[in-house]
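See below for the structure under consideration.
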Amino acid sequence: MCLGIPGEIIELDQDRPDLAKVAVSGVKRLINIGLLADDPPGPGDWILIHVGFALSKIDEEEARSALEFLESIGQAYEDELAALKDSRIG
């Protein structure tokens, strides 16, 4: 199962404007935000992530609701988090 996971942008990559450091349930990784060029997110914004790409900006309430749902479905969410942890940047 492939899931869209909410993450909060921590900082933008100064050398690559299409990348941002994002926190997802305590895991930090670089996410491509190039698909959101018409309404670029910034630090503090929440995005919906799928396979390393930001698909849309979402508000914090929507992010919390999505995280609660993902936690409730169990193993599929744990698998996605494990994949994120394997690719973390520090």
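Every read-out reported here was derived from the displayed coordinates using simple, explicitly stated rules and does not represent laboratory data. Keep in mind the model is a prediction, meaning the values are calculated, not measured. Here the Cβ positions follow ideal geometry from the backbone for every residue, glycine too, while neighbour counts run over all protein chains shown.
Can you tell me the relative contact order of the chain? Whole percent, Cα pairs under 8 Å, sequence separation 6 or more.
It comes to 29 percent, rounded to a whole number.
As I understand it, the value is the acute angle between the Cα axis of helix 60-73 and the longest principal axis of the Cα atoms of the chain; what does it come to in degrees, rounded to 10?
30
On a 0 to 90 degree scale, rounded to 10, what angle separates helix 75-86 from the longest Cα axis of the chain?
Roughly 40 degrees between the two axes.
Going Cα to Cα from LYS57, which lysines come in below 21 Å? Please leave out same-chain ones fewer than 8 positions away.
LYS57 reaches LYS21, LYS28.
Per 0.36 nm of contour for each residue apart, how much would the distance between SER72 and PHE53 grow if the chain were fully extended, relative to their Cα-Cα spacing? Please list the in-between numbers first.
Values: separation 19, 0.36 × 19 = 6.84 nm, distance 2.35 nm.
Full-extension gain reported as 4.5 nm.
To the nearest µm²/s, what D does Stokes-Einstein give for the chain at 37 °C and 0.692 mPa s, using the Kirkwood radius over alpha carbon pairs as Rh? Write out the running numbers ahead of the final one.
On the way: Rh = 13.0 Å.
Once the numbers are plugged in, D ends up at 253 µm²/s.
Non-local amide H neighbours of ILE58 (under 5 Å, H modeled in plane, Pro and chain starts lacking H): which ones?
Those lying under 5 Å, H to H, from ILE58 are TRP46, ILE47, LEU48.
Do the sum for the chain: with -39,500 (n - 2.57) for every DSSP H run of n ≥ 4, divided by all residues, what is the mean residue ellipticity at 222 nm, to the nearest 500 deg cm²/dmol?
Numbers: 2 runs with 26 residues, N = 90.
For the chain, the value works out to -9000 deg cm²/dmol.
Name the trypsin sites (Lys or Arg not before Pro) in the chain that are in a loop by DSSP and that have at most 16 other C-beta atoms within 10 Å, would you?
Working: sites: LYS21, LYS28, ARG29, LYS57, ARG64, LYS85, ARG88; in loops: ARG88.
Answer by residue number: ARG88.
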